[in-house]
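Every number in this text was worked out from the coordinates using simple rules, so none of it is lab data. This is a predicted model, so every value here is computed, not measured. Here the Cβ positions follow ideal geometry from the backbone for every residue, glycine too, while neighbour counts run over all protein chains shown.
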Amino acid sequence: MSSDKETISVIGIGRVGLPLALVLAHKNYKVFGIDIDQRRLGMVWSNKMPFLEEGAQELLEKYQGNLFFAMHEELIAQVIEKSDIVIVTLGTPIDENFSPNFSQINEFLKKAKLAFKRGQLIILRSTISPGVTGHVKRFIEENTGFEVGRDIFLAYCPERIAEGKSIQELGEIPQIIGTFDEQSAKKASELFSKLTDKIHFSDPLSVELAKLYCNIYRYIDFAIGNEFMMIAEDEGADIYEVLRLANDDYKRNGIKSPGFTAGPCLVKDSFFLLDKSPYLELMIAAWRINENIPGFIVKKIKGKIGGLIGKKVAILGLAFKKNIDDSRYSLTPKLQNHFISEGAEVSVHDPFMETLSFDSCLRDADALVIAVNHDVFAKIQFNKIKSLVKSTCLIADLWNLYKTNKIIYSLEEYFDTGQKVNIREKKKITSPKVAFES
């Protein structure tokens, strides 16, 4: 069967599955997108993207009802029976015990087992623990009578894109493919070679670990930047000045700047190894550091402001990273709760979500925390902020959006040190700035 007539089912059309389904439709595949979320399906049927994703709206308008068909989960068996390729992009969260929860994948397997057919390629794209691809292989062989690699084909092909940049990065990032046999690898490569010319092959276990290690490494790397920031603050130094000295024009530079480190991939992926490995001290330490940044900021503001009871605190940003509308594993709710527990009144504004307006959030604020480095925040003139907050307002600018090089400062400090700020900008701060994202 030629590729322009092949039918693909994408199980789960969330932030991973929907952009992939639309790109596959753009590559002339017939694509069924299966989901259980009625609100999401309703928006897709109305040609409206249910979340921010660069370039996706245009593809949705072009292919919905043409080459892309969104359907409710009730029709999953009928759709799989018609499909040459089945791609599973279901969520894999962590539960209350910080253990990976694969219930969505297990439920899918139970519902789909009688619909799988000979010659079909099944692709796992969700984040999984080491050994889960092997579990899926055993389930298929025990419940269908098909042998993987001969009758039916299986590959683990994880996504590694940055949320909000999926359409672009699907063609830029190498696709890693893990299989138990050469025929499954060949079939998976035939699909992904339509998306990218960079493909790396290995066994499923190595690919499972590679996917996890990518996110865990970044999470630890960002934790180092945050720990250095806390040490500098406690010592009375400005972390951005320290980073300038450490990184500028040095051959072995690369220390990350601080920031709220969050998101479903970075936060939870370490815990996918928790139940199986005793070597997690570094990962757990990184989690504790990154998760404690909100508490650190609240403690510093409380000390400078002389108590938070009755104070108004404004927080800019609810998403877990810049320029998106996803608040999963965001640190803003934790930051908000810390302030509330100290007796403060808290307001939140995020331009990409349903929150208070900018003016309402900042009006008469005693303290302002910039929790997310949205581009729109960086473009706001500081005089606008000054016109809304109290004259004694403290600013916590972990991202250094306003180029003071200070983590916490007052309005008076900002305007009194304007000349110093200009001098520092001429020195050029080149600490690696990264998007703290999935």
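Quick notes on this one:
- Cβ-placed point charges (K, R +1; D, E -1), dipole of the chain about Cα centre in debye, nearest 20: 620 debye
- The label-point distance for residue 27 and residue 57, in a model that sets each label 7 Å from Cα toward Cβ, rounds to 2.6 nm.
- Max mean-square fluctuation residue, GNM over the chain, Cα-Cα springs under 10 Å, options 175, 120, 78: 78
- Since only 264, 156, 209 are under comparison, the one whose Cα sits farthest along the positive direction of the charge dipole of the stretch 142-276, derived from C-beta charges on Lys, Arg, Asp and Glu, is 156.
- 11 Å beta-carbon shell around residue 151, net charge (K/R +1, D/E -1): +1
- For the stretch 225-427, averaging the sequence separation of C-alpha pairs within contact (under 8 Å, six or more residues apart) and dividing by the residue count gives a relative contact order of 19 percent.
- Choice from 145, 295, 91 showing the highest fluctuation, given a GNM over the chain with Cα pairs closer than 10 Å: 145
- For the stretch 119-130, 3J(HN,Hα) computed residue by residue from phi via the Karplus equation (6.51, -1.76, 1.60; θ = phi - 60°) reads x, 6, 10, 10, 10, 8, 10, 6, 6, 9, 7, x Hz, glycine and proline entered as x.
- Whether the stretch 3-202 is rounded, prolate or oblate, judged on the alpha carbon gyration tensor where a/c under 1.5 counts as rounded: rounded
- Phi angles of the stretch 152-161 translate, via the Karplus equation with coefficients 6.51, -1.76, 1.60 and θ = phi - 60°, into HN-Hα couplings of 9, 10, 9, 9, 9, 10, x, 7, 9, 7 Hz per residue; Gly and Pro are given as x.
- Only helices enter the 222 nm calculation for the chain: every DSSP H run of n ≥ 4 contributes -39,500 (n - 2.57), and dividing by all residues gives -12000 deg cm²/dmol, rounded to 500.
- Placing +1 on the Cβ of every Lys and Arg and -1 on the Cβ of every Asp and Glu, with nothing else charged, gives the stretch 3-202 a dipole about its Cα centre of roughly 320 debye.
- Local charge for residue 192 was computed over the other residues whose Cβ lies under 15 Å away, with Lys and Arg +1 and Asp and Glu -1, and equals +1.
- One decimal place: the segment residue 199-residue 413 gains 71.8 nm when fully extended, by the rule 0.36 nm per residue minus the C-alpha distance.
- Label point distance in nm, residue 304-residue 274, each placed 7 Å from Cα along Cα→Cβ: 3.3 nm
- Förster-model FRET efficiency, 51 Å R0, residue 375 and residue 183, C-beta, rounded to 0.05: 0.65
- Furthest towards positive pole of dipole, 55, 290, 135, structure part the chain, Cβ charges: 55
- Of the chymotrypsin sites (Phe, Trp or Tyr not before Pro) in the stretch 15-111, the ones in a loop by DSSP (not H, G, I, E or B) with at most 15 other beta carbons within 10 Å are 98.
- The trypsin sites (Lys or Arg not before Pro) of the stretch 243-285 that meet both conditions, a loop assignment by DSSP and at most 14 other Cβ atoms within 10 Å of the site Cβ, are 251, 252, 276.
- For the stretch 355-364, backbone phi angles converted through the Karplus equation (6.51, -1.76, 1.60; θ = phi - 60°) give residue-by-residue couplings of 9, 4, 5, 4, 5, 5, 5, 8, 4, 6 Hz, Gly and Pro being listed as x.
- Of the trypsin sites (Lys or Arg not before Pro) found in the stretch 137-178, those in coil by DSSP whose Cβ has at most 15 other Cβ atoms within 10 Å are 150.
- Between the stretch 6-44 and the stretch 281-322, the Cα center-to-center distance that results, in Å: 37 Å
- Taking 0.36 nm per residue of separation and subtracting the Cα-Cα distance, full extension of the segment from residue 99 to residue 150 would add 15.0 nm.
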